[in-house]
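Have a look at the structure below, then the notes.
The values are calculated or read from the model by the stated rules, or taken from the named source; none is laboratory data. The model shown is predicted, which means the values in this text are computed figures rather than measured ones. A quick note on method: Cβ atoms are made from the backbone with ideal geometry, for glycine too, and the neighbour counts reach across all protein chains shown.
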Amino acid sequence: MAGDGGCAAADHPGVECLRWLGLKIACGLSPDDPGLLRRHQLALEQLVDAGVLAPIPAHEQALRLLYGAAHDTLLPWHWRCACLDQLNRPLAALQRLADALGDAALVARLQRFHWRLSRSPIQE
């Protein structure tokens with residue numbers, strides 16, 4: 001797409017914004033702003049809907065981001081809990097995609113993630 005005067009997904013300004021929001025989440029740079037988590041998810045959904053990002057990898061990356069932040073003991077406890085609470089949005093999006101596409105590999109990854117999530121207590 002970059003060759004036709006457009007910009008590649010990596011160069012898209014929305015992707016750069018999404019990366020910055022993800023960095024703020026992962027590092028807990030705004031732990032008193034739970035709206036940041038919602039803004040990240042909305043930006044991701046807009047980029048997916050616009051065709052800038054592929055839906056499955058984008059939502060899987062959001063899962064990894066939130067799961068990682070929720071388990072990072074260096075981040076404030078309330079931020080980690082907020083990240084854990086937001087896991088349902090990318091999980092639901094991936095489940096819808098798995099159902100719509102009949103993607104057995106995605107279903108298996110979701111099952112493994114659910115199992116891992118059920119076995120990983122969040123410690124203060």
- Task: Could you look through the stretch 6-29, keep only residues that are modelled with pLDDT under 95 and farther than 12 Å from Leu47 by Cα, and pick out the one that is farthest from the chain's Cα centre (by Cα)?
- Result: Gly6
- Task: For Leu53, indicate whether it is out of contact with any Lys or Arg (no Cβ under 8 Å at 6 or more places or on another chain), outside any helix (DSSP H, G or I) and over 26 Å from Ser118 (Cβ atoms).
- Result: yes
- Answer yes if at least one residue in the stretch 46-58 is buried (at least 18 other Cβ atoms within 10 Å of the Cβ) and touching a Cys at 6+ places or on another chain (Cβ under 6 Å), and no otherwise. no
- Item | Residues of the stretch 59-69 satisfying the condition of being buried (at least 18 other Cβ atoms within 10 Å of the Cβ), over 8 Å from the mean Cα position of the chain (by Cα) and not hydroxyl-bearing (Ser, Thr, Tyr) | Ala69
- Selection from the stretch 24-35 of residues part of a helix (DSSP H, G or I) and surrounded by fewer than 19 Cβ atoms within 10 Å (Cβ to Cβ) yields Lys24, Ala26, Cys27, Gly35
- Message: Looking only at residues that are more than 19 Å from Ala93 (Cβ to Cβ) and modelled with pLDDT of 95 or more in the stretch 33-57, which one is nearest to the chain's Cα centre (by Cα)?
- Response: Gly35
- Determine the pairs where a residue that is aliphatic (A, V, I, L, M), located within the stretch 37-58, has a partner that is surrounded by fewer than 20 Cβ atoms within 10 Å (Cβ to Cβ) and not in a helix (DSSP H, G or I) with Cβ atoms under 8 Å apart, the partner being 6 or more residues away or on another chain. Leu47/His12; Val48/Ala54; Val52/His12; Ile56/Asp103
